[in-house]
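Novice: Here's a structure for you.
The values are calculated or read from the model by the stated rules, or taken from the named source; none is laboratory data. Keep in mind that this is a model prediction, so the values were computed, not measured. Cβ atoms come from the backbone with ideal geometry, glycine included; neighbour counts cover every protein chain shown.
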Amino acid sequence: MAKITLSKLKHSYLPDPVSPDDWALKELNLEWQDGGAYALLGPSGCGKTTLLNIISGLLKPSHGKVLFGTDDVTDLPPEKRHIAQVFQFPVVYDTMTVFDNLAFPLRNRGVAESKVRPRVEQIAGMTDLTDMLNTRASGLTADGKQKISLGRGLVREDVNAILFDEPLTVIDPHLKFQLRSKLKELHHRVPKTMIYVTHDQTEALTFADTVVVMNMGEVVQTGTPEELFENPQHTFVGHFIGSPGMNVIPCSVENGHVVVDGVIFRTQNDVPQGNPKGTFEIGIRPEFLKIADIGVPATVNSVADAGRFRIAEVTCLGHSLKLLVPEDQEIPADGVVLDFDPNWTRLYRNGWLTGGKD
Amino acid sequence: MNKTLNQKAWFFVIPVLVLVAFNAIVPLMTVVNYSVQETFGNNQFFWSGLTWFQEILRSERFHASLQRQLIFTGSILAIEVPLGVMIALAMPRKGFWVSVCLVLMAMPLLIPWNVVGAMWNIFALPNIGLMGKMLNDWGFDYNYTRQVGDAWFTLILMDVWHWTSLVVLLAYAGLVSIPDAYYQAAKIDGASRWAVFRYIQLPKMKRVLTIAILLRFMDSFNIYTEPVVLTGGGPGNSTTLLSIDLVKIALGQFDLGPAAAMSLIYFLIILLLSWIFYTVMTRNEDQ
Amino acid sequence: MIRMRWLVPTFYILFLMLPIYWLVSMSFKTTNEILGAFTLWPQNPTLANYRTIFTDPSWYMGYVNSISYVTLNTVISVSAALPAAYAFSRYRFLGDKHLFFWLLTNRMAPAAVFALPFFQLYSAIGLFDTYLAVALAHTLFNVPLAVWILEGFMSGVPKQLDETAYIDGYSFWRFFTRIFIPTIKAGIGVAAFFCFMFSWVELLLAKTLTAVAAKPIAATMTKTASSSGYELGLLAAAGTLTIIPGAIVIYFVRNYIAKGFALGRV
């Protein structure tokens, strides 16, 4: 077991990448601590599966290095890396029994048969497969098959990390929650590094201690679920995480002030001096936008009931915004006044939080 | 898929039923009719019961052709199936070369059977054929029109040339239907090349290979035109397979009774062997 | 080892092409060259053999005949198989499994067994030596095959498609012709390809059921080869020409060939 380090990693599927769009993965540096529960979150086509396959060794990166601990494994094939991977669609060896499926990785590595049985039984116990050990794997349901895939990963004691590539895609909704809890529980019992790729924020935020958000072949932010929610480093993170996502309003910076349509806003982060160039936006989450007595006037377009609160859609300074309103608060139909809390209002330049990465 | 019970579906089947019944039942009845009668010419027929069947089943000649037929079918299956699978495994999975391979490989399948025979006849002629001439130049005493061994060698080589592509196409269709994730999982599980073949590729090809073997079995048992054109059943009777023998009896000697009885026995053997094979191959799936 | 893998299909294709090359090269040689010296390629290429074929009606009519009955057979086989395959893929009915198996057994019937009875049958109903006779006779093995392939494709189409169409107020025949047939057009293509193929290559029945008017090209060939001595060049040219329609058909369906077999079910 070891820390996984990705150093100056870049990948392109084309032989001669020219424009930025030719890169499936733009240059990134990442460290995955030993025993951590990570999620790799992003929309389809953002490069997260590419990244996963580079870690497991199914794909060789065109630039950069992959280190396990201090060993450079960039050129090692998957079977030498001590990595397990669970795929989107369940992969089981149809002609074998569940037992033989779980024993397969051990037998391939020449583990003595006397050691195979107790290990397989132990893993079957963890993954709730004990009752089915002697049935044919082809007859199982999708979630049973995913458990076999997972079990094949856990069965090897020398595994550095277990990678999950959207493992719940084909699972029935009511079983998804169950399997996710099982994963979480297994991570507590078997403290191995787990990297979970998904486009579903609920899956990512409930499973992982650290979430890596990717967009267009780039890592936009790495952090705990709280950090991603409270302090998005990029408007994309604000948008993608949270439901509804962060409100983003185009603005300009004039003489060190943030201005939207003539109104000056105060923000939590630093505002550049003078009249800098670039595309500026302010972002505030619907949770922190409040109806108040003094502030910016807005008209109410619609109100939707979402259970414990309501989601109001308003027009403010010509921009459509969303805010969460508690059940008991009244929403005047003829217009409201909005309070932009400076502690939760942030300025972004070209998408990125100012004062951070530019 | 759940199918609904609907007896009106029979109406959909009627056109097929009429066509096939007309082509299968009427001629089959004719054959059955001949098989139980004796004729002395002049269209006079006498009931002869099962005499013809007994005669055929006891005849040395039938045993000999049946034996040759079994050796032929056994040999070509033993060569074509493994060879076809091997070629399919080595074929590219995507890209421009796939089409090139498929088109070129399918060509022998679309050549009329007697042209196949004629082509090989010319190709293997010891004096002017490319293969025959080459073999003789290299010091082999090769002459398929005179030597039994050479005739068999040429016959089997021709069938391998003609039909291996069918196995390749089927096996290839089975292979390309395997998702990449299976190969990736096997790599991660540390599976050897053999284990990948044994536990992933072979199980996924099983269904198409069943079709391939069944088709090759049926068609090789029915083979007539190619060997007739190539060797004419000779030298002597050494390459006279069942169909050739049957036509010799029926049209050559006009012994309709024995020919008809032989036809039926022949047909029953194919049905029986196909049924056994089919049952064995599909039995495991039901478990 | 992986890098050398391409050698396997390459050598195989080379093996496939050798006899074809010999046939084609011989078709451009003069009879003297064929029988005289052994040459790897034509020393004095000649088109005389092809000229003979294209100017003599007893030759080129053979092609017209072959193509006519093959096309007719493909049309009959596929149109009869369509409704039957639909019935097998969608409904259960009395004796369905037995019927399906019985159809397949006809695929196993040796042509040699049926040659003589076919001759008598088609003579009796006055169809002897017509395109229709050969086309109908070939349905014996092509209809079961077409039903088998089409049933496989149709089973892959979810039943919801049918149900949605009925709810939208389509009558059965409008649904079948406007929606269902376009959906499985790949399957129809594959079935037609195999019908064409097996009808084109079969000779025993085709030869038995024809004399002059509908005689297939392949039969013309054998006759010429035996009656007018050893005109190998002419024979080779005619043989070469019979390869061409097949090659054209393969080119058009190349992307479906592999799939077609996979979807037919046992």
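Novice: Looking at the range B:81-107 only, could you name the residues that are within 14 Å of C:Ile20 (Cβ to Cβ) and in contact with a Gly (Cβ under 9 Å, 6 or more places away or on another chain)?
Specialist: B:Ala106, B:Met107
Novice: Filter the range B:232-246 down to residues that are crowded, with 22+ Cβ neighbours inside 10 Å and either modelled with pLDDT of 85 or more or not hydroxyl-bearing (Ser, Thr, Tyr) (or both), then give me how many there are. Even if it seems obvious, please write down each step before you answer.
Specialist: Just the residues of the range B:232-246 that are crowded, with 22+ Cβ neighbours inside 10 Å, to begin with: B:239-246.
Of the ones still in play, those that are also either modelled with pLDDT of 85 or more or not hydroxyl-bearing (Ser, Thr, Tyr) (or both) are B:239-242, B:244-246.
Number of matching residues: 7.
Novice: Would you confirm whether any residue within the range C:3-11 is more than 12 Å from every other protein chain (Cβ to nearest Cβ), modelled with pLDDT under 90 and either in a helix (DSSP H, G or I) or exposed (fewer than 14 other Cβ atoms within 10 Å of the Cβ) (or both)? Step through it out loud before you land on a result.
Specialist: First, pick out the residues of the range C:3-11 that are more than 12 Å from every other protein chain (Cβ to nearest Cβ): none.
No; the residues of the range C:3-11 include none that is more than 12 Å from every other protein chain (Cβ to nearest Cβ), modelled with pLDDT under 90 and either in a helix (DSSP H, G or I) or exposed (fewer than 14 other Cβ atoms within 10 Å of the Cβ) (or both).
Novice: Then there is this: Identify, from the list A:Gly64, A:Gly45, A:Gly57, A:Gly69, the residue that is out of contact with any Phe, Trp or Tyr (no Cβ under 9 Å at 6 or more places or on another chain), among the small types (Gly, Ala, Ser) and crowded, with 19+ Cβ neighbours inside 10 Å.
Specialist: A:Gly57
Novice: Same structure, new question: If you go through the range A:89-113, how many residues are farther than 20 Å from B:Pro179 by Cα and polar (S, T, N, Q)? Step through it out loud before you land on a result.
Specialist: At the first step, the residues of the range A:89-113 found to be farther than 20 Å from B:Pro179 by Cα are A:97-100, A:102-103, A:106-113.
Retained after the next criterion (residues that are polar (S, T, N, Q)): A:97, A:108.
So the answer is 2.
Novice: In the range C:37-54, is there at least one residue being of a type in the set (D, E, K, R), assigned to a loop (DSSP other than H, G, I, E, B) and away from every other protein chain (no Cβ under 11 Å)?
Specialist: From the range C:37-54, those of a type in the set (D, E, K, R) are C:51; that's our starting set.
Within this subset, residues satisfying the condition of being assigned to a loop (DSSP other than H, G, I, E, B) are none.
Within the range C:37-54 (the criterion being of a type in the set (D, E, K, R), assigned to a loop (DSSP other than H, G, I, E, B) and away from every other protein chain (no Cβ under 11 Å)), the answer is no, since none of the residues qualifies.
Novice: May I pose another question? Being in the same structural domain as A:Leu58 (by TED's automatic domain parsing), in contact with a His (Cβ under 6 Å, 6 or more places away or on another chain) and of a type in the set (A, V, I, L, M): is that true of A:Val159 here?
Specialist: When the stated conditions are applied, A:Val159 passes them.
Novice: Out of all the residues in the range A:74-83, is one or more in contact with a helix residue (DSSP H, G or I) (Cβ under 9 Å, 6 or more places away or on another chain), part of a strand (DSSP E or B), of a type in the set (Val, Ile, Thr) and away from every other protein chain (no Cβ under 14 Å)?
Specialist: No, the range A:74-83 contains no residue that is in contact with a helix residue (DSSP H, G or I) (Cβ under 9 Å, 6 or more places away or on another chain), part of a strand (DSSP E or B), of a type in the set (Val, Ile, Thr) and away from every other protein chain (no Cβ under 14 Å).
Novice: Among the candidates C:Thr242, C:Thr210, C:Thr224, single out the residue that is at pLDDT 85 or above and among the β-branched types (Val, Ile, Thr). Can you show your working first?
Specialist: On the way: C:Thr210 fails: at pLDDT 85 or above; C:Thr224 fails: at pLDDT 85 or above.
Result: C:Thr242 is the single residue among C:Thr242, C:Thr210, C:Thr224 that is at pLDDT 85 or above and among the β-branched types (Val, Ile, Thr).
Novice: Considering B:Arg61, B:Arg68, which residue is among the basic types (Lys, Arg), more than 9 Å from chain C (Cβ to nearest Cβ) and over 20 Å from the mean Cα position of the chain (by Cα)?
Specialist: It is B:Arg61.
Novice: Let me ask something additional. Out of all the residues in the range C:147-159, which are at the interface with another protein chain (Cβ under 9 Å from one of its Cβ atoms) and of a type in the set (A, V, I, L, M)?
Specialist: C:Val147
Novice: Taking the conditions exactly as written (at pLDDT 85 or above, among the hydroxyl-bearing types (Ser, Thr, Tyr), not in a strand (DSSP E or B) and not assigned by TED's automatic domain parsing to the domain that holds A:Leu41), does A:Thr267 satisfy them or not? Show your work before the answer.
Specialist: Details: at pLDDT 85 or above: yes; among the hydroxyl-bearing types (Ser, Thr, Tyr): yes; not in a strand (DSSP E or B): yes; not assigned by TED's automatic domain parsing to the domain that holds A:Leu41: yes.
So A:Thr267 fits the description; yes.
Novice: Collect the residues in the range A:116-155 that are hydrophobic (A, V, I, L, M, F, W, C) and surrounded by 21 or more Cβ atoms within 10 Å (Cβ to Cβ), keeping them in residue-number order. It would help to see each step written out before you state the result.
Specialist: Step one: of the range A:116-155, the residues hydrophobic (A, V, I, L, M, F, W, C) are A:116, A:120, A:123-124, A:126, A:129, A:132-133, A:137, A:140, A:142, A:148, A:150, A:154-155.
Correct list: A:Val120, A:Ile123, A:Ala124, A:Leu129, A:Ala137, A:Ile148, A:Leu150, A:Leu154, A:Val155.
Novice: Now, a different point. Quick check on C:Phe175: is it assigned to a helix (DSSP H, G or I), more than 13 Å from every other protein chain (Cβ to nearest Cβ) and at pLDDT 85 or above?
Specialist: Numbers: assigned to a helix (DSSP H, G or I): yes; more than 13 Å from every other protein chain (Cβ to nearest Cβ): yes; at pLDDT 85 or above: yes.
It is true that C:Phe175 is assigned to a helix (DSSP H, G or I), more than 13 Å from every other protein chain (Cβ to nearest Cβ) and at pLDDT 85 or above.
Novice: I'd like to know if the range C:146-165 contains one or more residues that are of a type in the set (S, T, N, Q) and touching a residue at least 40 places away in the same chain (Cβ under 8 Å).
Specialist: Yes, the range C:146-165 contains a residue that is of a type in the set (S, T, N, Q) and touching a residue at least 40 places away in the same chain (Cβ under 8 Å).
Novice: Looking at B:Val81 and the list (1) among the aliphatic types (A, V, I, L, M); (2) part of a helix (DSSP H, G or I); (3) at the interface with another protein chain (Cβ under 8 Å from one of its Cβ atoms), which single condition is not satisfied?
Specialist: So the condition that B:Val81 fails would be (3).
Novice: Sticking with this structure for a sec: Is it the case that the range C:190-203 has a residue that's part of a helix (DSSP H, G or I), over 24 Å from C:Tyr251 (Cβ atoms), of a type outside the set (D, E, K, R) and within 14 Å of chain B (Cβ to nearest Cβ)? Walk me through it before giving the result.
Specialist: Going through the range C:190-203, the residues part of a helix (DSSP H, G or I) turn out to be C:190-201.
Checking which are over 24 Å from C:Tyr251 (Cβ atoms) leaves us with none.
No: zero hits.
Novice: Here is a further query. Look at the range A:14-34 and say how many of its residues are surrounded by 15 or more Cβ atoms within 10 Å (Cβ to Cβ) and part of a loop (DSSP other than H, G, I, E, B).
Specialist: The total comes to 4.
Novice: Of the numbered conditions (1) touching a Ser or Thr at 6+ places or on another chain (Cβ under 6 Å); (2) closer than 25 Å to A:Leu150 by Cα; (3) among the hydrophobic types (A, V, I, L, M, F, W, C), A:Trp23 satisfies every one except a single condition; which is it?
Specialist: So the condition that A:Trp23 fails would be (2).
Novice: Then there's this: Of the residues that sit in the range A:298-349 and are of a type in the set (Lys, Arg) and over 30 Å from A:Gly278 (Cα atoms), which one is surrounded by the most Cβ atoms within 10 Å (Cβ to Cβ)? Before you say what the answer is, go through the steps one by one.
Specialist: Narrowing the range A:298-349 to residues of a type in the set (Lys, Arg): A:308, A:310, A:322, A:346, A:349.
Next, only the ones that are over 30 Å from A:Gly278 (Cα atoms) stay: A:308, A:310.
Working: A:Arg308: 8, A:Arg310: 16.
Only one residue fits best here, namely A:Arg310.
Novice: Also: Does the range C:158-178 hold any residues that are among the hydroxyl-bearing types (Ser, Thr, Tyr) and within 17 Å of C:Ala87 (Cβ to Cβ), and which are they?
Specialist: Within the range C:158-178, C:Tyr166, C:Thr177 meet the criteria.
Novice: In the range C:76-106, which residues are over 19 Å from the mean Cα position of the chain (by Cα), more than 7 Å from every other protein chain (Cβ to nearest Cβ) and either assigned to a loop (DSSP other than H, G, I, E, B) or crowded, with 21+ Cβ neighbours inside 10 Å (or both)?
Specialist: C:Ala85, C:Phe88, C:Ser89, C:Gly95
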